[in-house]
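Asker: My questions will all concern the structure given below.
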Amino acid sequence: MTGTEPPARRVLRPPAGYRLAASVRSLTFSPYDPCARITAGTFWWAARTPAGPATLALRPAAGDLLAEGYGPGADWVVQRADAVAGLRDDLTGFPELAAAHPVVAELAARHRGLRMPATGQVFPRLLRAILEQKVTGKEAYRAYAATVRHFREAAPGPAQPLLLPPEPAAVAATPYWVFHPFGVEQRRAETLRRAAALADRLERCPDSADATRRLTAVAGIGPWTAAEVVRVAYGDPDAVSVGDYHVPNTVAWALAGEPRGDDARMLALLEPFRGHRGRVCVLLEAAAVQAPRFGPRAPIRSFARF
């Protein structure tokens, strides 16, 4: 299929109250993400599928959700469209767990239309997660956008400019110093190159647990990075980003009224929600819950000269 041919189509039936933008927001790094964005109510997502490059468009239509696919991998993304939209998200048991805590119960009710997507794509989220390691959000996005544009390849379909995620083999073959002008130091660049070299094996993991084991076996990838990946690639509702700078404080503040918390305290507070601990964190993020801030902001650095 070329960009000029009619797209592959599928009509999805979301549950009452479903919110597309809230559900797929985790698949975009910012409103200007070069690989995924929401424009005029339509979500556009570029992917490298087993059948080739593709673009998926998801748009509400009279209570339904219309999925359209473009490019050689159009059928693949359309068949997976319900998962990408979060419609395979299994909330079994969560309402009962949420009811036990007033804050979580209120968030679950307020954001009942939010579903967790499962893209089935490991490397694109891994690319972003590695670039987010131990830097500010602005630094991470700058590095991510510059990396995608360095390997620029237009995505099929009418949503232009939209770019495909970088080909893992191309990333693996790129010297670490090429990433320096993007604000990426040698440590993250080498981690990214190692992960890219193993991307084919990582994409074949059958489930979130196996993916976590394989990811954390790669030098430079720890529990935080693995959780960020499996929560999106597999829709894992229990994945908690241990080691995050903000999340332990957010959880401690929201669930116990404590302005600061460490990983141990966060996990203890989330334990009653086991099976859906990551979902609780997603709801806190959707509600923009933030613990009080006491310290200075982290500085934005540049590695372009190193």
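Asker: Within the group 184, 178, 148, which residue is in contact with a Ser or Thr (Cβ under 8 Å, 6 or more places away or on another chain), under 22 Å from residue 35 (Cβ atoms) and of a type outside the set (D, E, K, R)?
Answerer: 184
Asker: Here's something else I'd like to know. Residues of region 194-220 being among the small types (Gly, Ala, Ser) and part of a helix (DSSP H, G or I), which ones?
Answerer: 195, 196, 197, 199, 208, 209, 211
Asker: Does residue 80 satisfy the criteria of being modelled with pLDDT of 95 or more and over 16 Å from residue 19 (Cα atoms)?
Answerer: Considered against the rule, which asks whether it is modelled with pLDDT of 95 or more and over 16 Å from residue 19 (Cα atoms), residue 80 comes out as yes.
Asker: Which of the residues spanning region 108-130 are farther than 17 Å from residue 231 by Cβ and either touching a His at 6+ places or on another chain (Cβ under 9 Å) or touching a residue at least 12 places away in the same chain (Cβ under 8 Å) (or both)?
Answerer: Within region 108-130, 108, 110, 112, 113 qualify.
Asker: Something else: Within the group 69, 41, 63, which residue is more than 19 Å from the chain's Cα centre (by Cα) and crowded, with 17+ Cβ neighbours inside 10 Å?
Answerer: 69
Asker: Provide a single number: the residues in region 170-193 that are part of a helix (DSSP H, G or I), under 22 Å from residue 222 (Cα atoms) and in contact with a helix residue (DSSP H, G or I) (Cβ under 8 Å, 6 or more places away or on another chain).
Answerer: 11
Asker: Would you call residue 229 outside any helix (DSSP H, G or I), of a type in the set (A, V, I, L, M, F, W, C), touching a helix residue (DSSP H, G or I) at 6+ places or on another chain (Cβ under 6 Å) and buried (at least 16 other Cβ atoms within 10 Å of the Cβ)?
Answerer: Against the criterion (outside any helix (DSSP H, G or I), of a type in the set (A, V, I, L, M, F, W, C), touching a helix residue (DSSP H, G or I) at 6+ places or on another chain (Cβ under 6 Å) and buried (at least 16 other Cβ atoms within 10 Å of the Cβ)), residue 229 does not qualify.
Asker: Does residue 51 meet the test of being without any contact (Cβ under 8 Å) to a residue 60 or more places away in the chain and surrounded by fewer than 17 Cβ atoms within 10 Å (Cβ to Cβ)?
Answerer: Here the answer is yes, as residue 51 does meet what is asked.
Asker: Search region 234-283 for residues being assigned to a helix (DSSP H, G or I) and among the charged types (D, E, K, R), and hand back the single one that is farthest from residue 119 (Cα to Cα).
Answerer: Applying the filter and picking the extreme gives 265.
Asker: Does residue 250 satisfy the criteria of being touching a helix residue (DSSP H, G or I) at 6+ places or on another chain (Cβ under 7 Å), more than 25 Å from residue 95 (Cα to Cα), modelled with pLDDT of 95 or more and hydroxyl-bearing (Ser, Thr, Tyr)?
Answerer: no
Asker: So which residues in region 19-41 are of a type in the set (Ser, Thr, Tyr), within 17 Å of residue 157 (Cβ to Cβ) and not in a loop (DSSP other than H, G, I, E, B), if there are any at all?
Answerer: The one that is of a type in the set (Ser, Thr, Tyr), within 17 Å of residue 157 (Cβ to Cβ) and not in a loop (DSSP other than H, G, I, E, B): 39.
Asker: Hey, does region 59-72 have a residue that's touching a helix residue (DSSP H, G or I) at 6+ places or on another chain (Cβ under 8 Å), small (Gly, Ala, Ser), on the phi < 0 side of the Ramachandran plot and not in a strand (DSSP E or B)?
Answerer: Taking every residue of region 59-72 in turn, none turns out to be touching a helix residue (DSSP H, G or I) at 6+ places or on another chain (Cβ under 8 Å), small (Gly, Ala, Ser), on the phi < 0 side of the Ramachandran plot and not in a strand (DSSP E or B).
Asker: Still on this model: Within the bounds of region 89-107, is there any residue that is under 23 Å from residue 126 (Cα atoms) and in contact with a strand residue (DSSP E or B) (Cβ under 7 Å, 6 or more places away or on another chain)?
Answerer: No, every residue in region 89-107 fails to be under 23 Å from residue 126 (Cα atoms) and in contact with a strand residue (DSSP E or B) (Cβ under 7 Å, 6 or more places away or on another chain).
Asker: Separate question: Counting just the residues of region 165-189 that are closer than 18 Å to residue 141 by Cα and of a type in the set (D, E, K, R), which one comes out surrounded by the fewest Cβ atoms within 10 Å (Cβ to Cβ)?
Answerer: Out of the qualifying residues, it is 187.
Asker: Shifting gears a bit: Evaluate the following for residue 33: is it farther than 29 Å from residue 143 by Cα and either among the small types (Gly, Ala, Ser) or within 21 Å of the chain's Cα centre (by Cα) (or both)?
Answerer: Considered against the rule, which asks whether it is farther than 29 Å from residue 143 by Cα and either among the small types (Gly, Ala, Ser) or within 21 Å of the chain's Cα centre (by Cα) (or both), residue 33 comes out as no.
Asker: Within region 196-205, is even one residue buried (at least 23 other Cβ atoms within 10 Å of the Cβ), in contact (Cβ under 8 Å) with a residue 60 or more places away in the chain and within 21 Å of residue 137 (Cβ to Cβ)?
Answerer: No, because not a single residue in region 196-205 is buried (at least 23 other Cβ atoms within 10 Å of the Cβ), in contact (Cβ under 8 Å) with a residue 60 or more places away in the chain and within 21 Å of residue 137 (Cβ to Cβ).
The values are calculated or read from the model by the stated rules, or taken from the named source; none is laboratory data. All figures in this text were calculated on a predicted structure; none of them were measured in a lab. As a convention, Cβ positions derive from the backbone with ideal geometry for all residues, glycine included, and neighbour counts pool all protein chains shown.
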